[in-house]
1. Would you mind classifying segment 9-135 by shape? Square roots of the alpha carbon gyration tensor eigenvalues, ordered a ≥ b ≥ c; an a/c under 1.5 is rounded, otherwise it is prolate if a/b is larger than b/c and oblate if not.
2. For the chain, build the charge dipole from Cβ charges (+1 Lys, Arg; -1 Asp, Glu) around the Cα centre, then report which of 90, 205, 186 sits farthest towards its positive end.
3. Quick one: 3J(HN,Hα) in Hz for segment 71-82, Karplus 6.51/-1.76/1.60 with θ = phi - 60°, rounded, Gly and Pro as x.
4. Treat each spin label as a single point 7 Å out from the Cα along the C-beta direction, and report the residue 17 to residue 115 distance in nm.
5. Ranking request for peptides 246-253, 261-268: highest mean number of other beta-carbon atoms within 10 Å first, then the rest in descending order.
6. Can you sort 91, 272 by how many other beta carbons sit within 10 Å, fewest first?
7. Name the residue farthest towards the positive end of the dipole of the chain from the options 248, 130, 49, assuming +1 on Cβ of Lys and Arg, -1 on Cβ of Asp and Glu, about the Cα centre.
8. If contacts are Cα pairs under 8 angstrom and at least 6 residues apart, what is the relative contact order of the chain in percent?
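Please treat every number below as a calculation from the coordinates, not as lab data. Since this is a predicted model, take the numbers as computed values, not measurements. Here the Cβ positions follow ideal geometry from the backbone for every residue, glycine too, while neighbour counts run over all protein chains shown.
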Amino acid sequence: MKFEGKLSGDGKSISGMWTEGKQSFPLTLNLVTGDEIWKPDYAGEASMAADADPSFDVATIKPTSPNEQMARYGVRTRNFKAVNQSVSELIGFAYHLQTRQIEGTPAWANAEHFDLAGKPDLPGQPSEDQYRLMVRKLLAERFNLRVHTVQKEFPVFALTMEKEQPPLTKSDLTVTGYHSTLAFRQSGDGQVEGQFSFYSMADLVEMMMSFIRDRQIVDETGLQGRFDFTMKMPFEQGHFTSDEITIAMFQAVKSLGFKLVPKKEPLEVLVIDHVEQPSPN
């Protein structure tokens, strides 16, 4: 994507064209001042204390509109949002588990979708893990969720290091309000290039599971912290079988000095003992 424009004589606007791939659109940027300036609610907000135990101060739950097509989470401001999510998907988010690791979910908890919104009861910008904790508490309070965990063995791919020092750059964690981001673009050689920023190895394996859906991927690299890196994936335009996607992902991580090793490992499984329709707001 790119934007090319011309600054007006009074310096108060830029008129030009926004280009995405082969499509272009006219775009004008106008200077705003004073009260017109948009201020996101996390501007200048310090991070919540790492040992804080937040809950939602106020939270609303409502059925998703039949016209809503997209499902998404908003965890980058103090205003948490979960849109078009089933209860089983909310449980997966709250406990950071894949669907295969959740058992005993009733049919309605997969079929019915809800929108959640709320703010934390403690100062500071919550981390994603703190938002997961808040949703976990909300599920117990409003959906009367009761669970227990067991261990079960699954076929997995273990992400390991093939080289001693993968070409990763340590992220600058002094940046205010940083969060993991991933941007894709079509590279000149026909491959898809992913630009990863503020990514942990846990984030990386979670991203890969959105491509390789039939196996769990576990991190066995031993790398701690967050990194910036670029990874090329040999995906040209078209449709792919699951086997082709898996092979492409194997090649992509290999270029970074990693490898995926097939094996079996015990994983935590969450068993639903009880869950109800949400209590009124």
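1. Working: a/c = 2.66, a/b = 1.55, b/c = 1.72.
Since a/c reaches 1.5 but b/c is at least a/b, the shape of segment 9-135 is classed as oblate.
2. 186
3. Karplus-based 3J(HN,Hα) across segment 71-82 equals 10, 7, 10, x, 10, 9, 9, 6, 8, 6, 9, 10 Hz.
4. Distance between label points: 3.7 nm.
5. Working: 246-253: 17.9, 261-268: 12.1.
So the peptides 246-253, 261-268, ranked by packing, come out 246-253, 261-268.
6. Working: 91 25, 272 18.
By the 10 Å Cβ count, ascending: 272, 91.
7. My answer, from the dipole projection, is 248.
8. Values: 491 pairs, mean separation 56.8, N = 281.
The normalised contact order for the chain reaches 20 percent.
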